[in-house]
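Reviewing the structure listed below.
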């Protein structure tokens, strides 16, 4: 069996709660596992509401954070055990596109500087003409032209242009995986569709996989292959994206999809939601299912034990005791 491109093995990330800390520990990601195969390229949405652990997951994969426990492997090598040469290769092959592209830019430099930094930091060894050709190819891929933007400053570009420049910068390195953290949430609808099409093209024509961090289930449905839905740092459902959204199994995912307003003026959208605090839910129900206080189907076992992932279909798993044949009986 071929080695996975990226594998997370029972990864947990805890913030706070140290020896000299007065704050309670917060488990941002809890015993999380993920496999992204090398072939074929896939788009894997990581979906969930704010505080679910999505961005923590992205930062762990990018190496900005280290896991409290568990391992992150790239082509079978633990990130924490990589030497300098392996880490440089990892930085080159695993790229990032963030939600707010403006924060990535240095406002004192022109856009050309973004691409010059890539050439210099990753030692691409290109001469001037090769460098210009590589930049132009990357910009053309995202619908931009070098002569129109390279000499401009970041504030002179629209939000959509800045985001597409970030995609072009990532593509310039010919990565194997792009971690896209809410890449379309800050752009309008027309540019959102363009960026999603670019992601599909990069997957299908250039064999680049994506870890797509999002709270927007509609965009996940459009481009996602296999999806993971997180709640309070745990996986509550995973499998084929269309299968999950069309037929959700976990009560949380059912509520999440059911809360999406429908375009019917006769149906009132109820925005009155009363929830326990996030800290209370993380601490009080740490042993059991964290969705217990909000679940309409809660059982005693849910308070005592954390549900594992149960197979409900060939490519569909959910962490809910409703699908445990022993409990159901």
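The values are calculated or read from the model by the stated rules, or taken from the named source; none is laboratory data. Computed from a predicted structure; not experimentally measured. Methodologically, a virtual Cβ is constructed for each residue, glycine included, from the backbone with ideal geometry; neighbour enumeration extends over all protein chains shown.
Can you name the number of the only condition in (1) under 24 Å from residue 199 (Cβ atoms); (2) modelled with pLDDT of 95 or more that residue 105 fails?
(2)
Residues that are modelled with pLDDT of 75 or more and buried (at least 17 other Cβ atoms within 10 Å of the Cβ), at least 3 per element: which helices (runs of 4 or more DSSP H) completely within the range 217-289 meet that? Walk me through how you get there before you give the answer.
On the way: elements: 217-223, 241-246, 251-258, 278-284.
Once the helices (runs of 4 or more DSSP H) in the range 217-289 are filtered for at least 3 residues that are modelled with pLDDT of 75 or more and buried (at least 17 other Cβ atoms within 10 Å of the Cβ), what remains is 217-223, 241-246, 251-258.
Which residues, taken from the range 93-112, are within 16 Å of residue 171 (Cβ to Cβ) and surrounded by fewer than 19 Cβ atoms within 10 Å (Cβ to Cβ)?
Filtering the range 93-112 down to residues within 16 Å of residue 171 (Cβ to Cβ) leaves 93-98, 101, 104, 111.
Across the range 93-112, the qualifying residues are 93, 104.
Being part of a helix (DSSP H, G or I), closer than 24 Å to residue 39 by Cβ and in contact with a helix residue (DSSP H, G or I) (Cβ under 7 Å, 6 or more places away or on another chain) is the filter here; which residues of the range 172-198 pass it? Give the derivation first.
So the first thing to find is which residues in the range 172-198 are part of a helix (DSSP H, G or I), and the list is 172, 189-198.
Right, trim to closer than 24 Å to residue 39 by Cβ and you get 172, 196-198.
Within the range 172-198, 172, 196, 198 meet the criteria.
Looking at the range 151-159, can you tell me whether even one residue there is under 28 Å from the mean Cα position of the chain (by Cα), farther than 27 Å from residue 203 by Cβ, exposed (fewer than 13 other Cβ atoms within 10 Å of the Cβ) and touching a residue at least 12 places away in the same chain (Cβ under 8 Å)? Don't jump to the end; show me each part of the working.
Here is the first cut: in the range 151-159, the ones under 28 Å from the mean Cα position of the chain (by Cα) are 154-155, 157-159.
Applying the additional criterion that residues be farther than 27 Å from residue 203 by Cβ yields 154-155.
Of the ones still in play, those that are also exposed (fewer than 13 other Cβ atoms within 10 Å of the Cβ) are 155.
Cutting the leftovers down to touching a residue at least 12 places away in the same chain (Cβ under 8 Å) gives us 155.
The answer is yes, given that some residue of the range 151-159 is under 28 Å from the mean Cα position of the chain (by Cα), farther than 27 Å from residue 203 by Cβ, exposed (fewer than 13 other Cβ atoms within 10 Å of the Cβ) and touching a residue at least 12 places away in the same chain (Cβ under 8 Å).
Limited to the range 207-216, what total is found for residues that are modelled with pLDDT of 95 or more and either surrounded by fewer than 20 Cβ atoms within 10 Å (Cβ to Cβ) or not in a strand (DSSP E or B) (or both)?
2
Out of the range 199-215, which residues are closer than 20 Å to residue 34 by Cβ and out of contact with any strand residue (DSSP E or B) (no Cβ under 8 Å at 6 or more places or on another chain)?
Scanning the range 199-215 gives a single hit, 207.
Condition first: at positive phi and touching a helix residue (DSSP H, G or I) at 6+ places or on another chain (Cβ under 7 Å). Now tell me which residues in the range 61-90 satisfy that.
Step one: of the range 61-90, the residues at positive phi are 63, 70, 75-76.
Of everything in the range 61-90, just one residue is at positive phi and touching a helix residue (DSSP H, G or I) at 6+ places or on another chain (Cβ under 7 Å), namely 63.
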